[in-house]
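Structure first, then comments.
The values are calculated or read from the model by the stated rules, or taken from the named source; none is laboratory data. Remember, it's a predicted structure, so these values are computed and weren't measured experimentally. Ideal geometry is used to build each Cβ from the backbone, glycine not excepted, and the neighbour counts take in all protein chains shown.
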């Protein structure tokens, strides 16, 4: 499952309350490495049992800052277990 984060959505609901393991991929359209990694993650999400949440750092700098994202590309893995998440 691939989901592009948009304004007005709840990051907490998409990530922390998701029953599936989640990879959050922070990216920018102008970032060369992001353009290479993005399709790989999308393909894997379609084949495997996890949710990929894509966050454009140019559109959502507040989320990138809240996860201490240095630069534009970073991918974080979240797994919910017994109402707690680990990263």
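Here are some notes:
- Residue match in segment 4-12 (condition: in contact with a strand residue (DSSP E or B) (Cβ under 7 Å, 6 or more places away or on another chain) and modelled with pLDDT under 85): yes
- Search result, residues across segment 29-48 that are in contact (Cβ under 8 Å) with a residue 40 or more places away in the chain, surrounded by fewer than 17 Cβ atoms within 10 Å (Cβ to Cβ) and within 13 Å of the chain's Cα centre (by Cα): 42
- Subset of segment 2-25 that is in contact with a helix residue (DSSP H, G or I) (Cβ under 8 Å, 6 or more places away or on another chain) and not in a strand (DSSP E or B) - its residue that is surrounded by the fewest Cβ atoms within 10 Å (Cβ to Cβ): 11
- All positions within segment 53-87 that are under 17 Å from residue 12 (Cβ atoms) and modelled with pLDDT of 85 or more: 53, 54, 55
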